[in-house]
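Read the structure below first, then the notes.
We did not get these values from a lab; they are worked out from the coordinates using the rules stated. All figures in this text were calculated on a predicted structure; none of them were measured in a lab. We place every Cβ from the backbone using ideal geometry, glycine too, and count neighbours over all the protein chains shown.
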Amino acid sequence: MPRTEAPPVTPTPMSRRRTSASVVLRSVLEHGPVARSTISRLTGLSPASVTDYCARFSELGLIRESAVPRRSNGVGRPHVPVDLDDSRFVVGGVHVAVPYTTVALLDLRGRVLARRELKHEHTAPESVLARAAEALGALLDAAPGCRPLGVGVAVGGWVDRDSGTVVEHPLLGWHDVPVREVLGARTGLPVHVDGHARALVNAERLFGRARGSRSVLHLFVGNVVDAAFATNDEVHHGPRSQAGTIAHLPVPGGTEPCDCGRTGCLQAELSERTLCRRARRAGVIESVNPMHVVAAAAAGDPEAARLLVERAGAVGRAVRLLLDVLNPETVVVTEIGVMHRQDCLTALHEGVGSERATSVMPTGFPDSVLAVAGGAVALDVLFRDPLTLSHLSGLNSETPNVDRASA
Ligand SMILES: [Zn+2]
């Protein structure tokens, strides 16, 4: 499956720009139940055009009229508000981490309906993707009546969204893996692939902590350490989606040797592997599971807490560097200590430095971050271009589009 040739460089497709349809559906997501007249006022689109888009979304089953009509000033025709119809459609989410793959079903509000974790026996792409497709098929079989619109895949490392390819993920040993092609063939569904930091920035923007923020930076600190930056709803990709590759950014005071030959690179310093190795050396845990360090700290082990606080402080110093470069309004950090412990959040804020610390917050999805990451890739496509996606996924036909036999 791995290809030796690099995928072609493609220009930004038109569909990536925000369309009026997207603006209307986003407004329903954020404000629903909401009157069409309010959508018109919020978006600046004409009432006729909002009514037209709402009629099309309603036909597609993406929105419905809310049960409770609201009267405007108590006189005249009632304004029947519209809301997202979250009862019909789901998206599949696949997140490939180093030790395991998370497979999930999400509704249109980004809520996780079902999920499964598949521990990797090995990380050969053929086997990882085949098992993900199989698990996705099983989740769909267990959720009759939910029609899948598509599948989103989030992977760390270098991912080229336009070609749906994982270009390079050294920790998984993946090189030029055509994920969209392989998973699309196995599931019979439209598949969208993106880097997980960008997937999470979209999740926070659409459903989480960064709603309404004009610019947001997301920093993911797992085994992979990467970042994504969005302004005015656009996630910056750069040529071949290489933006956010910050694994080898030098951390002030870092001591950890990196594969690249230098010392104190961000990923070497902050990865969960490093945390676990330090915790094993200190006799805190015997496993390779970073959640065991969090559990040990919660059980009162002071060394476990110290390691987590130290790491959170270093994450804060990395955030400070990125703040200086990008100056985002909001920073969302996905890191296990910060997600679960107040002392880590405090250390993070201290690392950032006081005056900007309030704009730095942990992820809005502490219990489902990986499941949400995968699904958000597909949901971002839906909310960005709802009418095109409905066409792609055969919404107008009555025949379910998923090929369960091959999934
Ligand atoms: Zn390095």
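With the Cα gyration tensor of the chain in hand, give its eigenvalues times 5 under a square root as the equivalent ellipsoid semi-axes, listed largest first in whole angstrom.
Value: 37, 26, 20 Å, ordered largest first.
What number comes out for the charge environment of residue 371, summing +1 per Lys or Arg and -1 per Asp or Glu over other residues with Cβ under 11 Å away?
+1
Got the relative contact order for the chain handy, in percent, Cα pairs under 8 Å and 6 or more residues apart?
Relative contact order, the chain: 18 percent.
Of all beta bridges DSSP finds with both residues in region 211-362, what is the antiparallel percent, to the nearest 5?
60 percent
Kindly work out what percent of the DSSP beta bridges joining two residues of the chain are antiparallel, to the nearest 5.
If we restrict to bridges inside the chain, about 65 percent are antiparallel.
Going by alpha carbons, how many degrees (0 to 90, nearest 10) lie between the helix axis of 302-326 and the longest principal axis of the chain?
60 degrees
Within 10 Å, count the other beta carbons around each residue, average over each peptide in 97-103, 311-317, 216-222, 351-357, and list them highest first.
My ranking of the peptides, most packed first, is 216-222, 311-317, 97-103, 351-357.
Which stretch or stretches of region 118-144 have amide N atoms under 19 Å from the point lying 7 Å from residue 87's Cα along the Cα→Cβ direction?
143-144
With a cap of 14 neighbouring Cβ atoms within 10 Å, and only residues DSSP puts in a loop, list the GluC sites (Glu not before Pro) found in region 267-315.
Passing sites in region 267-315 are 286.
Starting from the Cα of residue 117, step 7 Å along the direction of its Cβ; do the same at residue 281; then give the gap between the two resulting points in nm.
It works out to 2.6 nm between the two label points.
In percent, what relative contact order does region 211-362 have, based on Cα pairs under 8 Å that are 6 or more apart in sequence?
Across region 211-362, relative contact order equals 23 percent.
Give me the net charge for the shell around residue 270: Cβ to Cβ below 12 angstrom, other residues only, Lys and Arg +1, Asp and Glu -1.
Summing Lys/Arg as +1 and Asp/Glu as -1 gives -2.
Measure nothing fancy, just the Cα-based angle from helix 20-31's long axis to the longest principal axis of the chain, in degrees from 0 to 90, nearest 10.
For helix 20-31, the angle is close to 70 degrees.
Run a plain Debye calculation on region 211-362 (Cα atoms as equal point scatterers, no solvent) and give log10 I(q)/I(0) at q = 0.08, 0.15 Å⁻¹, rounded to two decimals, same order as the q list.
For the requested q values the scattering log ratios are -0.22, -0.75.
Assuming R0 = 35 Å, what is the FRET efficiency of residue 124 and residue 56, from their Cβ-Cβ distance, to the nearest 0.05?
0.20
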